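The structure appears below as structure tokens.
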Amino acid sequence: MANSEWNDRLRRCRSEARRVMPDASAELVDEVAAHLAERWTQSIAGGSSDTEAEAAMRSDLARWQGAKGAHRQPAWRRACTGWAAELRQTARGLGVRPLYTVSMAALTALGVGAVTAAFAVAYGLLWRPLPYPDGDRLAVLWQVERGETTQISYPDYADLTAGALFDGATAIASGRGSLRVGDRIERVNAIFIEPRGLELFGVSPALGRALVADDRGRPNVMISHRLWTSQFGGDPALVGRTIWLSGDLLTVVGVVRAGVDVELPVGRVFKIEQNDIWQIFDSTEMSATRRDISTYEAIVRLPKGRSIDAAQADVDAIGRRLAETYAATNANRSFRLAALHDEMVAAVVTPLRLAGVAAVLTLAIALANAIALAGIRLSDRRRELALRAALGAGGFRLRRQLLTEHALTVGIGAAIGVWLAAAAVTALAGSRALALPRPDAIRIDAPVVLLATIVAAAIVVALMALPSRAGAGLVRIGAGDRATAAGRRSRRWLVAGELALAMTMATAGALLAMSFGRLMAVDPGFRASGVVNARVSAYAERHAGLPQVRTFFDRVSTSIAALPGIQAVAAGSSLPLSGQTTGTGVLAEGQTPSATRQSAGWQFVTPGYFAALGMPLRDGRDFSADDVARGGHVTVLNESLARALFPNGGAVGRRVAAGDGDRTGDWHEVIGVVADVRHLALGAAPQPRMYDLFGEHWGRTLFVVARTGVANPAAMIEPIRRATAAVDPEAPLFEAATLDELVQRSAAPQRLSATVAIGLAAMALFLALAGVYAVTAASVVDRAREIGIRAALGASPRDLLRGVLREGLTTAANGAVVGVAGASLAGRLVSAQMYDARSGDASVVIAGAAIAVILVGIAATLPSAMRAAAADPLAVIKEN
């Protein structure tokens, strides 16, 4: 529309507004007139006829006229007048500029989404209270022996909690069982807890009654609400009936209230969770009477007002007395109290902190891009803003329009960001590979949405604070002026800051990826590739005693070994990285009975176990089938235990005793020494370990391991299941997996750190690339006339190309120089958390990140440089 036509339209609208609002202020009349004129213009632009445009304009005017007394309203009410109409107009205007709208919304979505997802996970895990009564007073009582933190023995637990030191305490054991429901066998988790433990965790019945002390030793159980509804259809008649679990008949006395469960840490990798069968802990069982067997969780509740440090001092005093009284088992043993909440999330604290910092940096990069984009948009609209100012639009109206545009685009982007965050949080919480603790606590709820809203509002404020000043300057300059060189320099430094932040994140991501790679490359002491494992049970109703159980596992091994592709089969009571571990004290023959016993892991295995797992023998021999028949017990030690007991070598042929075997005459002849394995975790150093022979020691549930020669070992799980069923159709086979899966699960915390850091670093580099591209493209547009004149005066396309590339390279180089400081700080922080960190890691990665940033800058500048070099100088000068 020509200026004269616009001015005429504005005068007519002002007259009409004055007519219907005779008492209104001049400023209000001008705002109404400007709105009516814009409404008429928008209607014509949308394809309406003059008559339709007039009708739309007069409809708005009628609404203004109907709002009697509006012009006499307070200032804050007058400021809001017309905002709804302006919002509709802005929405239509954003549709006319889809690229800007989509870009701004996408930047907001990425920034808000990253921060919201990181906060949702961090808030759920680190700050959301435990769902137990007085959860902030609950603590774990660990045993510490030779610097290694483990579960506790029941006699030690009983001594430590016998007095009034704690307000409540419970010992807990856990396991898994096979539940028969109709003709199906379901694998379920079982927890054995003392009656006072039910009160500690707020366990109450939704149906029936709670377990009591009289249920100890009796086949009475409570079942979870989850199991009751999923497997028994929520049948209220189930209470009082019996269920079949792992060969035993148990009476259901109650159903646990919905939403109640206990999640407890077992070391830093494994945990007790999803408990379906609840039973009273039996302290008369053999393992609970021995101080050398440390296999129980101990949870205590501190008295009100008493700190962990104060309670720890009392625990230390009791621990010293136990060390004097029971020197054979406790001489090198102490005990440590730690808040239950802290122990549950200990493995993910560092990854979450890194993710939080990376998310904030991602937001900063996205915000810098948004500010640069808003500034470029204002530069493009300088003619429009100057014309509106000349026609009477006040500063308030211009600022309100900018605020409306920013609020609308940022609001859309924030909504998308929260949706993306919700999807990411759901994926993270449900990921079996990441194995996050307390997954039920990770969700998008009111505190998370509030943070997203605050972040979105902060983005709007930032966009109003910086670009609006630039916009006001453009209005004052006039319609024909270009953006100043100072403005271009400001945008370049803004993008240089983006590149510096991206370089910092790239450094952290690369170091964490390097750490994860080294962890996965560590030698665990066995060959995981090609090994399939599963747990198999021989229940008493079908396999009465040791002879029958031995026969069953011999037949299972033979049946599996006959499968095509199977190279070796064996079984054991435990498996590396499986979370199953039992400890004991070991004494070498010749040592005095009062001597300090060497703590060691303990398990029993069948002949061929070491070969099936790929564990090389260092000395002596493996077990054989004849070892059970001949008199005396035999054992195999790992290298660490052999060195500890026999530092001068020659372990083979010597005798050792486990537990109190020296008192009972149960001496084991050492027939072999096997390589160390990383049993607890891939990143944990190998510990002393003792292997006894299945048959001399035994149990009804074993890990069966089969080494295969097929390309996809997981494909052998079903044939192994069928081979087991061929021996006993009712024998459950559960927890089937490849050994590689156990290795991957052991590295879950490190994988979380690397995955989050690499993902956010890649996003940061992409955003930085987009920022360099946008700023360079805008700079080329701003300098179009200058570039055209230079071309007309003889500058070659190569010179023009080189000039624009130089600008982009300078911006990238500045970003890399500034980024060295941030990358160095990130390197120091991350290196402290790395597995197998080395002195030169950070320097190499920082250099690589700097090169990557410079290459990103060049790649983002190249398209604009090529357009500048190919431009027609005469056409450019004419257009500008």
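The values are calculated or read from the model by the stated rules, or taken from the named source; none is laboratory data. Owing to the predicted nature of the structure, the values given are computational and were not obtained by experimental measurement. For neighbour counting, all protein chains shown are included, and Cβ atoms are generated from backbone atoms with ideal geometry for every residue, glycine included. Please note that ligands, DNA and RNA were not included when accessible areas were found on the heavy atoms of the full protein model with its side chains. Shrake-Rupley method; radii C 1.70, N 1.55, O 1.52, S 1.80 Å.
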Worksheet item: Sequence-distant or interchain residues sharing an amide H contact under 5 Å with residue 271, placed H: which?
Response: 266
Discussion item. Could you report the accessible area of residue 183 in Å², rounded to 10, computed with a 1.4 Å probe on the protein chains as they sit in the structure?
Written reply: 150
Worksheet item: In nm, to one decimal, how far is the modelled label at residue 186 from the one at residue 836, with both set 7 Å along Cα→Cβ?
Response: 4.3
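Can you tell me how much longer the chain between residue 54 and residue 235 gets when fully stretched, taken as 0.36 nm per residue apart minus their C-alpha distance, in nm with one decimal? Can you show the working numbers first?
Numbers: separation 181, 0.36 × 181 = 65.16 nm, distance 7.05 nm.
Gain on stretching residue 54 to residue 235: 58.1 nm.
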Worksheet item: How do 235, 214, 662, 692 rank by accessible surface area computed with a 1.4 Å probe, from largest to smallest?
Response: 214, 235, 662, 692
Response to the item:
Summed over the other residues with a beta carbon less than 12 angstrom from that of residue 542, with K and R at +1 and D and E at -1, the charge totals -2
Item to complete: For residue 187, enumerate residues with amide H under 5 Å from its amide H, sequence gap 5+ or separate chain, H modeled in the peptide plane.
Response: 179
Item to complete: Treating the Cα atoms of the range 544-662 as identical point scatterers in vacuum, please give the log10 of the normalised Debye intensity I(q)/I(0) at q = 0.16, 0.22, 0.23 Å⁻¹, two decimals.
Response: -0.92, -1.47, -1.53
Worksheet item: Any idea what the relative contact order of the range 492-626 is, in percent, if you count C-alpha pairs under 8 Å spaced at least 6 apart?
Response: 22
Discussion item. Give me the one-decimal nm value for the distance between modelled label points at residue 212 and residue 567, 7 Å along each residue's Cα-to-Cβ direction.
Written reply: 6.0
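Using alpha-carbon pairs under 8 Å, 6+ residues apart, how would you state the relative contact order of the range 230-384 in percent?
13
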Fill in: Heavy atoms of residue 41: accessible area, 1.4 Å probe, square angstrom to 10
40
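Could you rank 125, 403 by how accessible they are, 1.4 Å probe, largest area first?
Numbers: 125 0, 403 55 Å².
I get 403, 125, largest accessible area first.
Could you tell me what fraction of 2.2 N^0.38 Å the Cα radius of gyration of the range 129-191 comes to, as a two-decimal ratio? Don't skip to the answer; put the middle values down first.
Values: Rg = 16.8 Å, N = 63, 2.2 N^0.38 = 10.6 Å.
Relative to the rule-of-thumb radius for its length, the range 129-191 sits at 1.58.
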Discussion item. Net charge within 15 Å of residue 662 by Cβ-Cβ distance, Lys/Arg positive one each and Asp/Glu negative one each, not counting residue 662 itself?
Written reply: +1
Practice prompt. List the residues whose amide H sits under 5 Å from the amide H of residue 256, counting only those 5 or more places along or on another chain, with H placed 1.01 Å from N in the peptide plane.
Written response: 206, 223, 224, 225
Discussion item. Between residue 712 and residue 855, what's the calculated FRET efficiency when r is the beta-carbon distance and R0 is 41 Å? Round to 0.05.
Written reply: 0.60
Worksheet item: In sequence order, what are the phi-derived ³J(HN,Hα) couplings for the range 11-19 according to the Karplus relation 6.51 cos²θ - 1.76 cosθ + 1.60 with θ = phi - 60°, rounded to whole Hz, with x for glycine and proline?
Response: 5, 4, 5, 5, 4, 4, 4, 5, 5
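Sequence gap at least 6, Cα distance under 8 Å: using those rules, report the relative contact order of the range 540-604 to the nearest whole percent. Let's see the in-between values first.
Numbers: 42 pairs, mean separation 15.8, N = 65.
24 percent.
Return one quarter of the surface area of the convex hull spanned by the alpha-carbon atoms of the range 818-863, equal to its mean projected area, in nm².
Values: hull surface 14.0 nm².
About 3.5 nm², averaged over all directions.
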Worksheet item: Just how much of residue 345 is accessible, in Å², when a 1.4 Å probe is used and the result is rounded to the nearest 10?
Response: 0
Fill in: Cα convex hull of the range 593-679 - mean projected area over all directions, nm²
6.0
Worksheet item: What number in nm² do you get for the range 160-249 if you take the convex hull of its Cα atoms and divide its surface by four?
Response: 6.7
Worksheet entry | Cα-based equivalent ellipsoid of the range 612-764: semi-axis lengths in Å, sorted from largest, via gyration tensor | 35, 25, 14
Fill in: For the range 220-226, 3J(HN,Hα) per residue [Karplus equation, 6.51 cos²θ - 1.76 cosθ + 1.60, θ = phi - 60°, Hz, x = Gly/Pro]
9, 9, 9, 10, 6, 4, 4
Worksheet entry | Prolate/oblate/rounded call for the range 256-324, Cα gyration tensor, a/c under 1.5 rounded | oblate
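Within the set of other residues whose C-beta is less than 11 Å from the C-beta of residue 140, count the net charge using Lys and Arg as +1 and Asp and Glu as -1.
Cβ neighbours under 11 Å give a net charge of -2.
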Fill in: Note, ³J(HN,Hα) from phi for the range 103-114, Karplus 6.51, -1.76, 1.60, rounded to Hz, x at Gly and Pro
5, 5, 5, 5, 4, 5, 4, 5, x, 5, x, 5
Worksheet item: Radius of gyration and Dmax for the range 599-641's Cα atoms, expressed in Å?
Response: 11.0, 29
